[in-house]
Amino acid sequence: MFAADTASCALGIEVVDLRPGTATTTVAVGEAMVNGHGITHGGYVFLLADTTFALACNSRGDAAVAARADIRFLRATRLGDVLTATAVERERFGRNGLYDVTVRRGDEVIAEFRGDSRTIASGA
C-alpha cells in the first residue's frame, strides 16, 4: 500500500517500523513544507500523522480507510526539523478501529492525532 502512496513518497516520508497494529514513520521538513510564518504547515504534519495511521490500520492485511481523524498541534516546527510519527492501535471492533498517533521532534511531542478506521472490501 505505501509503495503506491504517491503523496507520502513524494514528500519523503520513510517507514521506520511496521508491525501489526503499529507503525513509525519519519520525514525531514523541507522548503515546500514551510508556511508564511516560517513554520511547518499544519497540513504536512497532518499528512505525516495520517500516513502513519494508514500504515497501522492496514498492517494486519485488511484494507482500511479513515472514517474520521483529528489533530492537536502542540508546538511549531521549522525547516530542517526531523519529525517522527508513531501510531498505536487502541482498539479494533468489527470493521472499526481506533488509533492514536504521536508526532515528535526528538523527544518533544509536537502533535497528537486520533483516527477512526473502517475496513473496506479489497479494491473498493
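The values are calculated or read from the model by the stated rules, or taken from the named source; none is laboratory data. This is a predicted model, so every value here is computed, not measured. Reconstructed Cβ throughout: ideal geometry from the backbone, glycine too, with neighbour counts over all protein chains shown. We work out accessible area using only protein heavy atoms, side chains counted, and drop any ligands, DNA or RNA first. Shrake-Rupley method; radii C 1.70, N 1.55, O 1.52, S 1.80 Å.
Quick notes
- Farthest toward the positive end of the dipole of the chain, out of 36, 1, 13, is the Cα of 1, where the dipole comes from beta carbon charges about the Cα centre.
- Amide hydrogen proximity for residue 67: with H placed 1.01 Å from N in the peptide plane, the residues at 5 or more positions away or on another chain lying under 5 Å are 116, 117, 118.
- For segment 4-63, the Cβ-based charge dipole about the Cα centre amounts to some 120 debye (Lys, Arg positive; Asp, Glu negative; other atoms uncharged).
- Nearest-ten-degree value, helix 42-57 long axis tilted from longest Cα axis of the chain: 30
- In this Cβ point-charge picture (+1 for Lys and Arg, -1 for Asp and Glu), segment 1-113 has a dipole of about 200 debye about its Cα centre.
- One chain, two ends: residue 73 and residue 116. Fully extended at 0.36 nm per residue, the span grows by 13.6 nm beyond their Cα-Cα distance.
- In the context of the full set of protein chains, residues of the chain present 53 Å² of accessible surface per residue (probe radius 1.4 Å, heavy atoms only).
- The dipole here belongs to segment 49-124: it is taken about the Cα centre, uses +1 on the Cβ of Lys and Arg and -1 on the Cβ of Asp and Glu, and is about 100 debye.
- Toward the positive end of the charge dipole of the chain, with +1 on the Cβ of Lys and Arg and -1 on the Cβ of Asp and Glu, the farthest Cα among 67, 25, 77 is that of 67.
- Packing rank of 78-88, 50-60, 26-36, where each peptide gets the mean count of other beta carbons within 10 Å, highest leading: 50-60, 78-88, 26-36
- Packing rank of 39-48, 100-109, where each peptide gets the mean count of other beta carbons within 10 Å, highest leading: 39-48, 100-109
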